[in-house]
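Working notes, beginning with the structure itself.
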Amino acid sequence: MGGDRGPAAVVAGLALCADANTDVDFVLHGDEGILSPLIVRHNGLMDRVTLVHASRVVTMKDKPAQVMRNGAGTSMWSCIESVKTGDAQAAVSCGNTGALMAVAVLRLRKIAGVNRPAIACLWPSRNPGGFNLMLDVGAGVEAEAEDLLQFATMGASYARNGLALPRPRVGLLNVGTEEHKGRAELKVAHDRMTHAAEAGGFEFIGFVEGGDIPSDRVDVIVTDGFTGNIALKTGEGTAKLISELLRETLNARIMSKLAALLALGSLKRLQKRIDPRQVNGGVFLGLNGTVVKSHGSADETGVAAAIGLAIRLARSGFVERLAARVASTGRTGQDGNQGIGRAVAPEGGTTE
């Protein structure tokens, strides 16, 4: 109910995702009087959707603290609650990011050992899979060395389960690749990631720079939420600018239009490759439940992508595997020694 395009875009996206995932049922939270007519427009969707009426809506202007105190009865609260009670395996929202994180932390609680949840997003890259993963991109604005270590562990687990990378390469974002550069907490985090990489099931490649974010040098980029969010929004804005300038250039003259027609197939492939709607959905990592945050401005294509991501993570048992990794890596990172106390089993958990 809280997206910029309203519930019509959400229901349309749900319908697209339902067509692609015929074995999945959905729980839709919001004003029944508004949602029911929208669902009826899509053939067969009503049989696969359970409507949970919620008369109140969290707006983009609402402060997280207010929603934590008075959010019961809103569609956002109801959505998160359905994951807590087990009525749903994952939650997706286009609403207020700060409020969604606050409600998710309040109702689902953090995984044992996690200090600070993070939002992870996919970034188009030169890697064979087409994407890199970056976190945090906005759950908080600061991160200590311990937080960055946990981000590395959680990001690597996501990359294994969501991107099918057996041993992800993790890099720590900095102003240079030399070990003496950067803030004190980055240097401490660098050392701790080096020690914890084996237990965390990832390869730590050290510091990476902004230019490495879309490269094939790294799979997971770790940073604080302030830096990550600025990088994300800058990247999206730059992609939009390039798309607009290319469109203007190709429409400027007759010969340009003819050239565009000849290259239409290639241009469409490029557009799909850099289309942010195809990878819409930031995952809240570090919670006892799967929560995917869609862009507030997402259209039906973007909403469908976010729901599809939530389905894939729910099917993989991602939260349980992540909790096991955090537990084992946390102990190794603190001790500064590898393999203390337990051996790490293949992503399904740990063995004493």
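At 0.36 nm per residue, minus the direct Cα-Cα distance, what do S36 and A259 gain on full extension? Give it in nm, one decimal, please.
Values: separation 223, 0.36 × 223 = 80.28 nm, distance 4.69 nm.
Extra length available between S36 and A259 comes to 75.6 nm.
Between S297 and E320, what is the label-to-label distance in nm when each label sits 7 Å out along the Cα-to-Cβ direction?
4.0 nm
List the residues, sorted by chain then number, that are 5 or more residues from R56 or on another chain and whose placed amide H is less than 5 Å from its amide H.
Those lying under 5 Å, H to H, from R56 are S75.
For A65 and L245, compute 0.36 nm times the residue count separating them, minus their Cα-Cα distance, and round to one decimal in nm.
60.7 nm is the gain from fully extending A65 to L245.
On a full-extension model of 0.36 nm per residue, what is the gain between T194 and A252, subtracting their alpha-carbon distance, rounded to one decimal in nm? Each step should come with its number before you reach the end.
Numbers: separation 58, 0.36 × 58 = 20.88 nm, distance 5.27 nm.
Residue separation times 0.36 nm, minus the Cα-Cα distance, leaves 15.6 nm.
For segment 129-249, what D do you get in µm² per second when you plug the Kirkwood radius from alpha-carbon pairs into Stokes-Einstein at 4 °C and 1.567 mPa s?
88 µm²/s
With a 10 Å Cβ neighbour count serving as the proxy for reagent exposure, in which order, fewest first, do M76, M255, M101, M46 appear?
Sorted ascending by nearby Cβ count, the order is M255, M46, M101, M76.
At each listed q (0.17, 0.18, 0.26 Å⁻¹), what is the log10 of I(q)/I(0) that the Debye formula gives for segment 137-190 modelled as equal alpha-carbon point scatterers?
Normalising to I(0) and taking log10 leaves -0.61, -0.67, -1.07.
What is the set of long-range amide H partners of L165 at a cut-off below 5 Å, with H atoms built 1.01 Å from backbone N?
The list, which skips near neighbours in sequence, is R160.
As a footprinting exposure proxy, order R312, R41, R160 by other Cβ within 10 Å, with the fewest listed first.
On the way: R312 15, R41 12, R160 23.
Final ranking by Cβ density, sparse to dense: R41, R312, R160.
Is any helix in the chain, taking whole DSSP H runs, at least 18 angstrom long along its axis by alpha carbon and on average at least -1.0 on the Kyte-Doolittle scale, and which ones?
Numbers: long enough: 7-20 (20 Å, 1.70); 145-162 (25 Å, -0.14); 184-200 (24 Å, -0.44); 225-250 (37 Å, 0.11); 300-316 (24 Å, 0.88); 318-335 (26 Å, -0.37).
Correct list, ordered by number: 7-20, 145-162, 184-200, 225-250, 300-316, 318-335.
Near the amide H of F207, under 5 Å away, which other amide H atoms are found, from residues 5 or more places off or on another chain, if H is placed in the peptide plane?
L172
Can you sort D191, D212, D136 so the residue with the fewest Cβ neighbours within 10 Å comes first?
D191, D212, D136
Mind ordering 317-327, 22-32 by average Cβ neighbours within 10 Å, highest first?
317-327, 22-32
Between V175 and K233, what is the label-to-label distance in nm when each label sits 7 Å out along the Cα-to-Cβ direction?
Simple spin-label model gives 2.2 nm for this pair.
Work out the charge dipole of the chain with +1 on the Cβ of Lys and Arg and -1 on the Cβ of Asp and Glu about the Cα centre, then indicate which of G33, N70, S243 is farthest towards its positive end.
Looking along the dipole axis, the top candidate is S243.
Under a Cβ-only charge scheme (Lys and Arg +1, Asp and Glu -1), can you give me the dipole magnitude of segment 1-92 about the Cα centre, in debye to the nearest 20? Walk me through the numbers on the way to the answer.
Working: 8 positive and 10 negative charges, 89 e Å.
The calculated dipole for segment 1-92 is roughly 420 debye.
For segment 1-88, taking Cα atoms only, what is the radius of gyration to one decimal and the Dmax to the nearest whole Å?
Taking only Cα atoms of segment 1-88, I get Rg and Dmax of 13.4, 40 Å.
Of L14, L309, L246, which has the largest mean-square fluctuation in a 10 Å C-alpha GNM of the chain?
L246
For the chain, what is the per residue volume of the convex hull drawn over the alpha-carbon atoms, in cubic angstrom? If you can, show how the numbers build up before the last one.
Numbers: hull volume 52.7 nm³, N = 352.
For the chain, the hull spanned by Cα atoms encloses 150 Å³ per residue.
Readers should treat all values here as calculations from the given coordinates under stated rules, not as data from a laboratory. Source: prediction; values computed, not measured. Cβ sites come from the backbone with ideal geometry, for glycine too, and all protein chains shown count toward neighbours.
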